[in-house]
1. Which one of the conditions (1) touching a residue at least 40 places away in the same chain (Cβ under 8 Å); (2) more than 27 Å from residue 145 (Cβ to Cβ); (3) open to solvent by 30 Å² or more (accessible area, probe 1.4 Å) does residue 235 fail to meet, given that it meets all the rest?
2. With the requirement that a residue be out of contact with any helix residue (DSSP H, G or I) (no Cβ under 7 Å at 6 or more places or on another chain), part of a strand (DSSP E or B), open to solvent by less than 80 Å² (accessible area, probe 1.4 Å) and not hydroxyl-bearing (Ser, Thr, Tyr), what does the stretch 459-503 give you?
3. Tally up the residues in the stretch 530-567 that are over 28 Å from residue 474 (Cα atoms) and open to solvent by less than 30 Å² (accessible area, probe 1.4 Å), please.
4. Anything in the stretch 253-293 that is in a helix (DSSP H, G or I), surrounded by fewer than 18 Cβ atoms within 10 Å (Cβ to Cβ) and in contact (Cβ under 8 Å) with a residue 40 or more places away in the chain? List them, or say none.
5. Given the residues 183, 218, 179, which is the only one that is touching a helix residue (DSSP H, G or I) at 6+ places or on another chain (Cβ under 6 Å) and at pLDDT below 95?
6. When the stretch 82-101 is examined, which residues are found to be at pLDDT 90 or above, acidic (Asp, Glu) and outside any strand (DSSP E or B)?
7. Is it the case that some residue within the stretch 67-74 is open to solvent by 60 Å² or more (accessible area, probe 1.4 Å) and not in a helix (DSSP H, G or I)?
Amino acid sequence: MEPSVKLCMGCMNELDADGHCHYCSYSDDIPHLQSYLAPKTVLDNRYVIGKMLSYNGEGASYICYDMVGKCKCVCREYMPDTLCEREPDGLNIKVNQDCLAKYKTFMSEFADMNKVLSRMRNLTHIVTAKDMFAENNTTYVILEYVEGVSLKKFLQSNTGFLTWEQVKKLFVPLFTTLNIIHNSGIIHRGISPENIIVTTDGELKLTGFCISSIRTSNTGMMPDFYSGYTAPEQYSSLQWQGTWTDVYAVAAVIYRILTGCMPLDANTRIHNDTLVEAARINPRIPRHISDALAQAMAVRGEERTQTVTELVSGLFEQPPRMEHSKGSTQTIPIQHIPREERQRRSEGQNRKAPQKKKGSRLATIVGFVVLAVLLGIGIYLMTQLFAPPSETDKTSSRTPAIDYDYENDSEEEDSYNYGTTASTEKTAPIDDTEFGTGSIMPNVVGLTYFEVERQMGDEFELKPKYYYSDTDEPGYVKSQSIPEGSDYAPERQNELVLEVCAGPPSIPVPDCAGYSKKEYLDLLDSLFIKYKVTNEKSANVDVDYVIRTSITAGNFINIEKGEVLTVVVCNGKITVTTTTASSTDESSAETESGEQSETQSETQAETEQQPAETQQLPAETEAPVTEAPAENNDNGGDEEQAY
């Protein structure tokens, strides 16, 4: 028990000196289920049991530590809770009296399956058994511990789906491994994203092997099904199961990866099969891949792809080109007829030629007679149809009003024929659907606008509709204009309006010190801050650099209300020129007034004359002194640039 004191029972890493684990948040105070093994339990005097990782109707899996091998492992305990229970000592298992035979039968199947898997340690794409022993009236299997995450979590942490190029690199080794397992007589029956581990090296490992009864209905054990991936025959104990059962699950996993949508539950498909083809959900999926998946996911087992080898052939072999149909150009072999045979045939044809001529003459005469009879009948009908009315018809009970109606009827008939002629013109077929057909709209709510643009930018005309929120991340897609599941045609480039979060309604104004005009305006654009630019000359700031903003850096600006930030940019340096003549006269005037008091009147006269000169002198030098403000007045107009 000494090693258990130094190990964290949650991750089997060493504890610090103070007894805390910095790798996980597990604590010994966390309670455990009484029906299963308690942490720090030692099995076979070698394996220290940690926290329980998972459990189902067959048993439970624990993280454990191998004190001999000095490594982490996974301990699988056979403990069907519908057939047995844990004794008060927390170790031994007590079997229900009426379930003893079934308990031992299933335990024998559990042991045999893991013995076969232990002989496959050379397979690197399954989690194999390292050790197996009997204790506490049950059987334990020690499995290798794999560093990584489940395929389900891997997809959730990425875009939600992968391309076919990525999928085939991952699944080719797994196909080979699964084929070997099937040849050994083992059917997994539980292949799903939860039982496929993506290792730190980017490879796939298959885990979660269980006895067949745990994944079949009506066997007396709690079934362990995976909705969308469990084959239809597993929902009944009366149907045969085999390699085609795993083929269905593998195809369903690939369907989920390529489309980003979980397949329809097989139990539902038995009564109402509405599974959508993969190519309709994701048009980038090749047609032969979609057809192969549909064949492998057929509801009836006898209509389904039977083996993994057949599935691989359907996925990786390009469909053969169709042969030329009738009427197309074909290569016809030439038959060489001997010369004697050709002479004999030509003599026979010469003897039959007069008879053919006589027959042809008779047919011609009969044809002319029939044609003359038909022509006579046609002329008679035409004369009767267009003949003028007789005197008897004129004196009949019909009135001229009826003759007028006849003329109107003929006009209506003419107009009707005209309309018929116009309607016979070829018109383009009208698509009565709103967005077209060919693909099915996925759910993009929850993704970022960048992800939607990258994945579907070539199929839609994306139009973001921004909103502000303190809780949603910038770029978060809140809603979509085309509902999920709607049909659409990618070639139409339908307009897709997305409600996208632009960030919080109020944000602090960034500091402008040291920023050029372009750099600072790009920064404001990224923050969705509206702005306008004004120009001003400065003696301290370089040209095209920001002098100041209307709102001091660090203070908040309300973006949602459309508050505009004024950015003052330097457009030139301020130059100051001084007049040396006026300064010299002033200094000489002061010196003379200090030394000679008797010339005070003359100095006063000069000072009276000096303002007149300074008013004229700036007039002469007004252009260089006041040129900067004049230009500032001309160029100081606001140049608004709204984001």
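The values are calculated or read from the model by the stated rules, or taken from the named source; none is laboratory data. As the structure is a computational prediction, the values presented were derived from the model and not from experiment. Note that we place each Cβ from the backbone using ideal geometry, even for glycine, and neighbour counts take in every protein chain shown. Each accessible area value is taken on the protein alone, full model and side chains, heavy atoms only, with ligands, DNA and RNA left out. Shrake-Rupley method; radii C 1.70, N 1.55, O 1.52, S 1.80 Å.
1. Every listed condition holds for residue 235 apart from (1).
2. As a first pass, look at the stretch 459-503 and keep what is out of contact with any helix residue (DSSP H, G or I) (no Cβ under 7 Å at 6 or more places or on another chain): 460-461, 463, 465-474, 476, 478-497, 499, 501-503.
Going one step further and asking which of them are part of a strand (DSSP E or B), we end up with 460-461, 463, 465-467, 476, 478-480, 487-488, 494-497, 499, 501.
So of that shortlist, the ones also open to solvent by less than 80 Å² (accessible area, probe 1.4 Å) come out as 460, 467, 476, 479-480, 487-488, 494, 496-497, 499, 501.
Once the filter is applied, which keeps residues that are out of contact with any helix residue (DSSP H, G or I) (no Cβ under 7 Å at 6 or more places or on another chain), part of a strand (DSSP E or B), open to solvent by less than 80 Å² (accessible area, probe 1.4 Å) and not hydroxyl-bearing (Ser, Thr, Tyr), the stretch 459-503 yields 460, 480, 487, 494, 496, 497, 499, 501.
3. Step one: of the stretch 530-567, the residues over 28 Å from residue 474 (Cα atoms) are 534-545, 547.
Add one more test, that the residue is open to solvent by less than 30 Å² (accessible area, probe 1.4 Å), and what stays is 534, 538.
So the count comes out to 2.
4. So in the stretch 253-293, the residues in a helix (DSSP H, G or I) come out as 253-259, 266-271, 278-281, 287-293.
Right, trim to surrounded by fewer than 18 Cβ atoms within 10 Å (Cβ to Cβ) and you get 267-271, 280, 287-288, 291.
The answer is 280, and nothing else.
5. Every option except 179 fails the conditions.
6. Within the stretch 82-101, 87, 98 qualify.
7. Initial filter on the stretch 67-74 (open to solvent by 60 Å² or more (accessible area, probe 1.4 Å)): 68, 70.
The next check asks that each one be not in a helix (DSSP H, G or I); those that pass are 68, 70.
Yes, because at least one residue in the stretch 67-74 is open to solvent by 60 Å² or more (accessible area, probe 1.4 Å) and not in a helix (DSSP H, G or I).
Conditions (1) touching a residue at least 12 places away in the same chain (Cβ under 8 Å); (2) over 27 Å from residue 88 (Cα atoms); (3) not aliphatic (A, V, I, L, M), marked per residue:
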position	(1), (2), (3)
6	no, yes, yes
9	yes, no, no
13	no, yes, yes
25	yes, yes, yes
42	yes, no, no
46	yes, no, yes
51	yes, no, yes
